[in-house]
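The values are calculated or read from the model by the stated rules, or taken from the named source; none is laboratory data. Bear in mind that the values here come from a model prediction, so they are computed numbers and not experimental data. Neighbour counts are summed over all protein chains in view; Cβ atoms, including those assigned to glycine, are modelled from backbone coordinates with ideal geometry. Areas reflect the complete protein model, heavy atoms only, side chains present, ligands, DNA and RNA absent. Shrake-Rupley method; radii C 1.70, N 1.55, O 1.52, S 1.80 Å.
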Amino acid sequence: MATVIFYILGFTALAATALCITRRNPVHAVIYLVNAFFALALIFFLLGAPLVAAWEIIIYAGAIMVLFLFIIMMLELAPTEELRGPGWLRWGPVVLLSAVLLGCTLLLIVAQPMAGTGEAAYYATPRDFGYALFDRYALAVQIVSFQLLFAAVGAYYVGRVERGRR
Amino acid sequence: MNASLLFLIPLLPLACGAANALFGLRLPRAVSVSLAVGGAAGSALLTFVLWPLATGEGTTVTLYTWLESGTLQVPVELLFDRLSAPMALMVSCVSTLIHLYAVGYMKDEADYARFFALLNLFVFAMLTIVLSDNLLLLFLGWEGVGFCSYALIGYWYSETKNANAGRKAFLVTRVGDVFLGVALLWLFSLFGTLSISTVNAQAGVLPAATLTALTLLLLGGACGKSAQLPLMTWLPDAMAGPTPVSALIHAATMVTAGVYLLCRLFPLVSLSETGLAAIAVVGAATALYAATCALAQREIKRVLAYSTMSQVGYMFLAVGAGSVSAAMFHLLTHAFFKALLFMAAGCVIHLAGGENDIHAMGGLKKRSPLLFWLFLAGALCLAGAPLSGGFFSKDGILLAAFAQRTPLYSLLWGIGVFTAFLTALYTFRLLYLVFAGEPRKDLHGHALPKTMIWPLVPLALLGLGGGLLNLPGLLGGSSWLHHFLGPLAGESPEVSHGLEWGLWGLATALFAGGALVARARYRRFKPGREGAVRRFFLGGWQADALVAALILRPFAAVAYFFWKGTDDALINGVLDGLARGFQGAGERLRTLTTGRLSNYLMAMAWGTVIFLGWFLLRTLIP
Amino acid sequence: MIVPMGHILAFSAALFLMGLACVLARRNLIMILIGVEIMLNAVGLTLVGASALWQAIDGQIFVIFLMAMTSAEVAISLAMVVYLSRRRGTITANDFDGMKG
């Protein structure tokens, strides 16, 4: 059962990514990409990484893609002309993909597809994760936090509006 | 009597020439000119004073070693013996007289320092040739006279004609110098030394073929300097130089250098029968050729140039017949009367106001009787008037040729006899056209300065009385020159008295015949149209055209091919093609730098793919 | 593991190639950056799969670091897109050809 779900999720992710990279409208691309990330998060869960799955949603789909949307909207980069063609051709794929993802999520919550697959051997609880992260990789955590600070400062500097211009 | 004073003989003119070259224009004219004349005169005086050193075996002196490299030892060595002493005396005395003449001739010239420096330098080089005992030193002098000749012929270089004449002289004599150079190298490789005494002494050890080859090479070198066939085209054009130059270089000294070389190396040359025959043939052929050309010339100096060529041919004939004394005798008398004739010709041109076409002259006897008598003296010697110097010397040569009694030499004797007739003919033609009758053109001449006419007198006396130098026994003389030269004199022809009288009668008859024919034709002469035959002889049997067609034009074509065909097309083409190829490739490669991010990313991606693929293949394929 | 590692790798490779195609073929700067995101995700998938295969947690830890770096990178790159958009008024990659030879 977990295997079947994995394949379904896999094809969903591939389809979503394929659609993403072929959109002319960046906003559409971002939406499809969010779908793909959602599928990937569920796959991560199936592979025994619930924490990583959560972070995939929170950070990737929730922060980074939203940031993309911010920028696209701010710079008004999306073409505003109406797409031709019937409405279901525009909405159909994303609705389908989202429905598949919803179904898989419900299945994962309700059923126990992971039972009996020997998953417990590689299932990483948050506790194990925390121990490993702050025990063995503490220095890396510090460095990465510095890096985030630099990035923030850098992003501010590059993106500031200079006085005297416009 | 210090033997090392001998070095002053060539070095005195060198010093005076150098002084003139360095400071000549800064000194007053009189001082500069006196330096020049003094250099030559001092040389003559020294030769005269040191004459006793030349008797017997002669004197050899060494100054220092010029070159020393491995087995090559070239000392600066002079040999003052019975052959070089008379020659040196002649060269220095005639040079002195010509220097005096040049003082008057060049009195209106502003650039006199260069002229006199070069003239002195020439005397130095010529004396080096005469006195040197080492072949390389002789070659130094040889090249020196070549250079001075070039510089002096082209003295008035601002006219292209003169510069071209100088260059032609230099290049043609250079061809001869190549032969001489090869002979020098060969002699060095054979003997290990370049000393003339050694070469002459040891010449007997060489095989006959080598001797013949060496003689022919030396003949080639001599032909260049002495303007014999086939290297004679430069001498008529060399008359573009000032008259003193023609008198000194192209009458008395440089053109006789070839004869002197053969006489100096006579012990080597005489060992080769073929070589001697070749020398005689060249001499006789040139004598005939030049005499025919002289008959047709219109410029007075060109007549004398061809005449010189002809007389030097006689000297070659003498050497070829084995008689050095006859050759040297004729060389000495010829120097006297030919220098006289050239200088007189200069005076004639001066009197005629710059005109040198004899068809336009005439009646100059009335203008300057003294000049006429002097010119007549020279002309009589040239034509071989009985009892003049020229008569005895020319007859000596013909006697030597006759005495050989082989078919070849008899033929050459015949040519010599016919040429003597022609000589008399053209000489009297010259006399009649220039001096006799009425002027054919209105000539406004200038008066002759003293220094131009008085040096001619000693030469006239020497020329007429020159017969005393080698007066044959039949007339009571002692053949002084022949005995003086001693072992260096070559063969002495033995003929019966009757034969000798017969030959003298023949010579006199030729002289008279030539004079009478000339009188008949040229006494009352009206210049008319020139026929094709006359034009042929006027152009020197079209030798210049022949040289141009045979040598110059193919050479120019080859050079043009190497320029356009090889250098331009091949080398430049390859280089330009290469450059253009690279440029084109660069242009095409430049299109790769689009500046677009996508293209660069694509390139990176492809690079990574290839890289990884390579590693993959390496692991897959053992 | 629920699926053989080979399948996960194949899946991940397909995602990576799609991301690469997006980067190379699109001219919009935003789309290029999105392509980069896709590639990074594919790598994350590989890491998680490997972590499951070797039953070690280090793969997942690396994924979290990856995500942190990605957010930093996206922040700066989008700031630069903003800057370029303000200066040039365009974000088509082909318009920035100042390095053209």
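Residues of the stretch C:52-73 being facing another protein chain (nearest Cβ under 7 Å), open to solvent by 10 Å² or more (accessible area, probe 1.4 Å) and over 15 Å from the mean Cα position of the chain (by Cα), which ones? Correct list: C:55, C:57. Could you look through the stretch C:9-37, keep only residues that are more than 8 Å from chain A (Cβ to nearest Cβ) and among the β-branched types (Val, Ile, Thr), and pick out the one that is surrounded by the most Cβ atoms within 10 Å (Cβ to Cβ)? Ranking the candidates gives C:23 first. Comparison of B:105, B:112 shows that the only residue that is buried (at least 22 other Cβ atoms within 10 Å of the Cβ), at pLDDT below 90 and more than 27 Å from residue B:200 (Cβ to Cβ) is B:105. Scanning the stretch C:38-48 for residues that are farther than 17 Å from residue C:74 by Cβ, more than 7 Å from chain A (Cβ to nearest Cβ) and touching a Leu at 6+ places or on another chain (Cβ under 7 Å) gives a single hit, C:46. Just so you know, in the stretch C:79-93 the residues that are surrounded by fewer than 14 Cβ atoms within 10 Å (Cβ to Cβ) and in a helix (DSSP H, G or I) include one that is farthest from the other protein chains (Cβ to nearest Cβ), and it is C:88. Looking at the stretch A:33-53, can you tell me whether even one residue there is within 12 Å of chain C (Cβ to nearest Cβ), surrounded by 16 or more Cβ atoms within 10 Å (Cβ to Cβ) and closer than 30 Å to residue C:89 by Cβ? The answer is yes, given that some residue of the stretch A:33-53 is within 12 Å of chain C (Cβ to nearest Cβ), surrounded by 16 or more Cβ atoms within 10 Å (Cβ to Cβ) and closer than 30 Å to residue C:89 by Cβ.
Residue-wise test of (1) open to solvent by 10 Å² or more (accessible area, probe 1.4 Å); (2) closer than 23 Å to residue B:462 by Cβ; (3) over 29 Å from the mean Cα position of the chain (by Cα).
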{"site": "B:393", "(1), (2), (3)": "no, yes, no"}
{"site": "B:401", "(1), (2), (3)": "no, no, no"}
{"site": "B:410", "(1), (2), (3)": "yes, no, no"}
{"site": "B:428", "(1), (2), (3)": "yes, yes, no"}
{"site": "B:434", "(1), (2), (3)": "no, yes, no"}
{"site": "B:437", "(1), (2), (3)": "yes, no, yes"}
{"site": "B:440", "(1), (2), (3)": "yes, no, yes"}
{"site": "B:450", "(1), (2), (3)": "yes, yes, yes"}
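Number of residues in the stretch B:49-85 that are open to solvent by 30 Å² or more (accessible area, probe 1.4 Å) and touching a Gly at 6+ places or on another chain (Cβ under 7 Å) equals 2.
Is there a residue being assigned to a loop (DSSP other than H, G, I, E, B), over 17 Å from the mean Cα position of the chain (by Cα) and of a type outside the set (D, E, K, R) anywhere in the stretch A:92-108? Full working, then the answer.
Initially, the stretch A:92-108 is screened for residues assigned to a loop (DSSP other than H, G, I, E, B), giving none.
No - not one qualifying residue is present in the stretch A:92-108.
Can you say whether residue B:507 is under 21 Å from residue B:336 (Cβ atoms) and either assigned to a loop (DSSP other than H, G, I, E, B) or at pLDDT 80 or above (or both), as far as the supplied structure shows? For residue B:507, the condition - under 21 Å from residue B:336 (Cβ atoms) and either assigned to a loop (DSSP other than H, G, I, E, B) or at pLDDT 80 or above (or both) - is met. Listed by first and then second residue, the pairs with beta-carbon distance under 7 Å, at least 6 apart or on different chains, first residue in the stretch C:1-24 and free of Cβ contacts under 8 Å to residues at least 12 places away in the same chain, second open to solvent by less than 30 Å² (accessible area, probe 1.4 Å), are C:2/A:2; C:2/A:6; C:2/A:46; C:3/A:6; C:24/B:598; C:24/B:605.
Restricting the search to the stretch B:147-170, which residues are open to solvent by 90 Å² or more (accessible area, probe 1.4 Å) and in contact with a Phe, Trp or Tyr (Cβ under 8 Å, 6 or more places away or on another chain)? Explain how you work it out, then say what you get.
As a first pass, look at the stretch B:147-170 and keep what is open to solvent by 90 Å² or more (accessible area, probe 1.4 Å): B:147, B:150, B:157-161, B:167.
Matches in the stretch B:147-170: B:147, B:150, B:167.
Go through the residues of the stretch B:183-192 one by one and say whether even a single one is open to solvent by less than 10 Å² (accessible area, probe 1.4 Å) and touching a residue at least 60 places away in the same chain (Cβ under 8 Å). No, the stretch B:183-192 contains no residue that is open to solvent by less than 10 Å² (accessible area, probe 1.4 Å) and touching a residue at least 60 places away in the same chain (Cβ under 8 Å).
Taken together, B:288, B:271, B:276, B:304 contain a single residue that is more than 30 Å from residue B:81 (Cα to Cα) and open to solvent by 10 Å² or more (accessible area, probe 1.4 Å), which is B:288. When each of B:552, B:592, B:570 is tested for being within 14 Å of chain C (Cβ to nearest Cβ), at pLDDT below 90 and out of contact with any Leu (no Cβ under 7 Å at 6 or more places or on another chain), the lone residue that passes is B:592.
Considering only residues in the stretch A:133-151 that are among the hydrophobic types (A, V, I, L, M, F, W, C) and facing chain C (nearest Cβ under 7 Å), the one that is nearest to residue A:74 (Cα to Cα) turns out to be A:151.
In the stretch A:66-101, of all residues being surrounded by 13 or more Cβ atoms within 10 Å (Cβ to Cβ) and either at positive phi or touching a Phe, Trp or Tyr at 6+ places or on another chain (Cβ under 7 Å) (or both), the one that is modelled with the lowest pLDDT corresponds to A:94. Against the list (1) under 54 Å from the mean Cα position of the chain (by Cα); (2) exposed (fewer than 10 other Cβ atoms within 10 Å of the Cβ), the condition residue B:569 fails is (2).
Among the residues of the stretch B:291-301, those that are open to solvent by less than 10 Å² (accessible area, probe 1.4 Å) and part of a helix (DSSP H, G or I) comprise B:291, B:293, B:294, B:296, B:300. Let me spell it out: the conditions are (1) more than 7 Å from every other protein chain (Cβ to nearest Cβ); (2) in a helix (DSSP H, G or I); (3) open to solvent by 30 Å² or more (accessible area, probe 1.4 Å), and residue C:76 meets all of them except one. Which number is the exception? Unmet condition: (1). For the residues B:67, B:12, the requirement of being part of a helix (DSSP H, G or I) and not polar (S, T, N, Q) singles out B:12. Look at residue B:522 and say whether it is of a type outside the set (S, T, N, Q) and away from chain C (no Cβ under 14 Å). Yes. Comparison of A:19, A:77 shows that the only residue that is part of a loop (DSSP other than H, G, I, E, B), within 11 Å of chain C (Cβ to nearest Cβ) and not polar (S, T, N, Q) is A:77.
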